[in-house]
Structure formats: structure tokens, C-alpha cells
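The values are calculated or read from the model by the stated rules, or taken from the named source; none is laboratory data. All values reported here derive from a predicted model rather than from experimental measurement. Reconstructed Cβ throughout: ideal geometry from the backbone, glycine too, with neighbour counts over all protein chains shown.
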Amino acid sequence: MKKQVIVIHGGTTFDTYEEYISYLKNREISLEKFKTLKNWKNSLEKELGADFEVFVPRMPNGTNARFEEWKIWLERMIPFLDTEVILVGHSLGGVFLAKYLSLNLLPKKIEAVLLVAAPFDNTKNMESLGDFALPVSLEKFSGQAKKIYLFHSQDDPSVPFEQVNKYKKVLPNSEVVVFADRQHFDQESFPELVELLKNI
């Protein structure tokens, strides 16, 4: 049986519709932003090989994300999954998984959860987490996953490095994987993550 991996991408969220419209009107753009970018999420299944089946669902309204919409979409996938699964969340996708698993029991065994550059809160002038803000306790999350890995780069310009320490404090059994120069992990390949997945 193939190991199933679900990868939840990042996104942005806003407290008001007006803030969202302002973002669309004022965000710096270039022609490069309109090209299809090569990204480790899209090449993950090929790099993992025949023993893995990777799902990268396009979550609803990624530019103006809402937790409830993402929750519905994830739950629509669950009946198609095998008994054991590995979950990977990048950026907003990471905090989404942390919140979802802190509030809900996934009806599958979770072999591991990997949070990549996940925000913990929106301190230090970070973007708002809106309704993705974490609950007070992550105990239910911690209890569901056999292993939790926290990937973060010290030079991340989007999610300050100290955010990973906040996760580590409330998830003491998690393992932190630190990089010096990966910024927000917007890279074509992610060999360290591939290697870890192969060894789970």
C-alpha cells in the first residue's frame, strides 16, 4: 500500500473585505507573479517515488482564505484516504492543520504532521491570521499525530523565526528542523523534506 501524503498550501487571509480589496489594488506585482511557478509541492510525488501517493488540493479562495471553507474542503477528502496519512502544511496551510487538528479528530491515523514555515500568531507586524488563529490549547493536535516536525528558516521574511519556538513550547514532543537560508521555502525542490518523508 502506498503512503498517502496530503500537502496544504499557503495563502492569505484578511479581517475585512475592504482590507482584501486594498491588498488586490496595492500589492506589488510583476509579470513573474503571473507565471506558473515551479514549486516543491508539485514535484513531491515524483521525488518521493512509487511508494507514495501525494495530494496537493487547491484550497478554496487561497488569496482571501477562510478557515471554515478550508475545513469543509479537507473533510470532503477524508473518505478517499487510507487508514494512515501524513499531513504537510506550508505557511497558512501549516497553521490551518494545527488549528483543525486542535479542534477536530481526524478519523484516520496520522503518521506525521510536518509544519513548514507556519505562523503561530500575528505578532510583529505579520499578516493577520483572521479566523485561522489558533485555539488556546493544541493538546488534541499533539495527541493525534505520532510525530510532529517543525521546519523553519532563520531568514524567513514572511514568518519570523521565533514563531517556531512558540510551537515548540506548546508541542514539546515535536522536532524542530532549522535552516539558515531558505527564507519562506518557496523553492523548486525540498530534498530534506523528501528524505524525512521516506524515513517515516
(request) Out of Glu68, Glu84, report the one residue that is over 21 Å from Glu175 (Cβ atoms) and more than 14 Å from the chain's Cα centre (by Cα). (result) Glu68
(message) Please go through region 158-178 and give me each residue that is surrounded by fewer than 18 Cβ atoms within 10 Å (Cβ to Cβ) and among the polar types (S, T, N, Q), ordered by number.
(response) Ser158, Asn165, Asn173
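Consider region 113-160. How many of its residues are of a type in the set (S, T, N, Q) and modelled with pLDDT of 95 or more? Before the answer, list the steps.
Of all residues in region 113-160, those of a type in the set (S, T, N, Q) come to 122-123, 125, 128, 137, 142, 144, 153-154, 158.
In the following step, the residues that additionally are modelled with pLDDT of 95 or more were identified as 153-154.
Result for region 113-160: 2.
Among the helices (runs of 4 or more DSSP H) confined wholly to region 81-200, which include 2 or more residues that are touching a Phe, Trp or Tyr at 6+ places or on another chain (Cβ under 9 Å)? Before you say what the answer is, go through the steps one by one.
Working: elements: 92-103, 139-144, 162-170, 191-199.
Correct list: 92-103, 162-170, 191-199.
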(request) Taking the options Asn42, Asn64, name whichever one is over 22 Å from Leu150 (Cβ atoms) and crowded, with 18+ Cβ neighbours inside 10 Å. (result) Asn64
(request) Mind listing just one residue for me: the one in region 122-157 that is surrounded by 15 or more Cβ atoms within 10 Å (Cβ to Cβ) and in contact with a His (Cβ under 8 Å, 6 or more places away or on another chain) and, of those, nearest to Thr13 (Cα to Cα)? (result) Asp156
(message) Residue pairs, Cβ under 9 Å, 6 or more apart or interchain, first in region 54-67 and touching a residue at least 60 places away in the same chain (Cβ under 8 Å), second among the β-branched types (Val, Ile, Thr) and surrounded by 15 or more Cβ atoms within 10 Å (Cβ to Cβ). List them.
(response) Ala65/Thr12; Ala65/Thr13; Arg66/Thr13; Phe67/Thr13
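Which residues, counting only those in region 1-42, are in contact with an Asp or Glu (Cβ under 8 Å, 6 or more places away or on another chain), at pLDDT 90 or above and not charged (D, E, K, R)?
Looking only at region 1-42, we keep the residues that are in contact with an Asp or Glu (Cβ under 8 Å, 6 or more places away or on another chain), and these are 1-5, 12-13, 37-40.
Next cut, at pLDDT 90 or above only: 3-5, 12-13, 40.
Hits for region 1-42 are Gln4, Val5, Thr12, Thr13, Trp40.
A quick yes/no check of all residues on (1) surrounded by fewer than 12 Cβ atoms within 10 Å (Cβ to Cβ); (2) among the aliphatic types (A, V, I, L, M); (3) part of a loop (DSSP other than H, G, I, E, B):
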residue	(1), (2), (3)
Gly11	no, no, yes
Glu28	yes, no, yes
Val54	no, yes, no
Pro60	no, no, yes
Glu75	no, no, no
